[in-house]
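Report on the following structure.
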Amino acid sequence: MSGSTFGTLFRVTNFGESHGPAIGCVIDGCPPGMALSEADIQPDLDRRRPGTSRHVTQRNEPDAVEILSGVFEGVTTGTPICLLIRNTDQRSKDYGNLLDTFRPGHADYTYLHKYGLRDPRGGGRASARLTAPMVGAGAVARKWLHRQYGTTFVGHMTQIGDIAIPFESLAHIPNNPFFAANASDIARIEAYMDALRKAGDSCGARIHVAAQNVPVGLGEPLFDKLDADIAYAMMGINAVKGVEIGAGFASVAQRGTTHGDSLTPAGFVGNNAGGVLGGISTGQDITVNIAIKPTSSIRSPRQSINLAGEPATVETFGRHDPCVGIRATPIAEAMLALVLMDHALRHRAQCGDVVVAAPPIPAQAG
């Protein structure tokens, strides 16, 4: 299967299946000399892992990461880093009724037609479980970027189903299971999710993710635009159906006098561009919004067909998130970190000696 490797200089090859013995990734291109241990990676995996609240799948996976290579005496060697996460709580029997049918909205139908066979256990390679290794790789990228540039990442949910979540404070994000920057609406969201699960249905979500202290100059002006690679990365996350950079679709209604982020001696007056101009980072915050569709695997009976093309009714009895967006925030942060890490190494390789005589413009005024 091609399409399992992400990145150019910082390359991450993802392996495993949802119900196989293990999942993981091989990271190639991490610079040598950085202190790295499982303790640097595990906190991000803990934020993404299942079974952390009643509002997500109750599959009980510790997602304990093991570093198998690429680190000697606690320091990266510059050789491939292999991360392994063992699966411990598979229940493959829950998918026995799906061997001869197709889940609407899932990859069952397309996988069969592409490969001639499919792994119905939790979706196989199509499972969101395969985002865990990417979160692990993202933790490595985050550490290097923070050490090198002071870059940080933060994401939060801004909408779940038809409930818009007003922004109150980033301090609220770790205090609720939805990664919401909000405290006053959590009880309402929990009641909404409880009713949704009881009904055997699912919903989508909208996630906002940003990177701060991003160096100027990352990205290329044509086919390797930074924002294009960010969109590519975000669309690689399971269930993502839309990506916005900066003002996104709101820019349709803006005038040029508003959308164009004016420059002053004090810096940019706005960030409608989302931190990217001409495919190259401006030094402002990189801001991204993603839209996540409702979970495809739900208990409610739905119409489908069997392998013979005959009408069938499908019910999914496995353990699933009624909203996959609930655990998507750390995944989006990780994928953004992987893009910036890859472009930082590419920029350093080609343009590391470039010195601009003009004084740099501060990232943003005010």
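The values are calculated or read from the model by the stated rules, or taken from the named source; none is laboratory data. These figures come from a predicted structure and were not determined experimentally. With ideal geometry, Cβ positions are generated from the backbone for all residues, glycine too; neighbour counts draw on all protein chains shown.
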Test each condition in (1) within 18 Å of Val324 (Cα to Cα); (2) part of a helix (DSSP H, G or I) for Arg188 and report the one that comes out false. (1)
Sort out which residues of the stretch 4-18 are outside any strand (DSSP E or B) and surrounded by fewer than 21 Cβ atoms within 10 Å (Cβ to Cβ), and write them in order of number. Ser4, Thr8, Leu9, Glu17
Suppose we filter Arg121, Arg103 for residues that are touching a Phe, Trp or Tyr at 6+ places or on another chain (Cβ under 8 Å), of a type outside the set (A, V, I, L, M) and modelled with pLDDT under 90; which single one remains? Arg121
Taking the stretch 226-280 and the residues there that are surrounded by fewer than 13 Cβ atoms within 10 Å (Cβ to Cβ) and closer than 28 Å to Thr295 by Cβ, the one that is nearest to the chain's Cα centre (by Cα) would be Lys241
Exactly one of Glu73, Glu61, Glu66 is modelled with pLDDT of 95 or more and either in contact with an Asp or Glu (Cβ under 9 Å, 6 or more places away or on another chain) or surrounded by 14 or more Cβ atoms within 10 Å (Cβ to Cβ) (or both), and that residue is Glu66
Filtered residues of the stretch 111-147 (kept if under 13 Å from the mean Cα position of the chain (by Cα) and more than 18 Å from Arg86 (Cβ to Cβ)): Gly138
Selection status of Ser297, within 29 Å of Ala195 (Cα to Cα) and in a loop (DSSP other than H, G, I, E, B): yes
Qualifying residues in the stretch 19-44 (those that are surrounded by fewer than 17 Cβ atoms within 10 Å (Cβ to Cβ) and of a type in the set (A, V, I, L, M, F, W, C)) - the one farthest from the chain's Cα centre (by Cα): Ala35
Which residues, counting only those in the stretch 5-44, are polar (S, T, N, Q) and without any contact (Cβ under 8 Å) to a residue 12 or more places away in the chain? Thr5
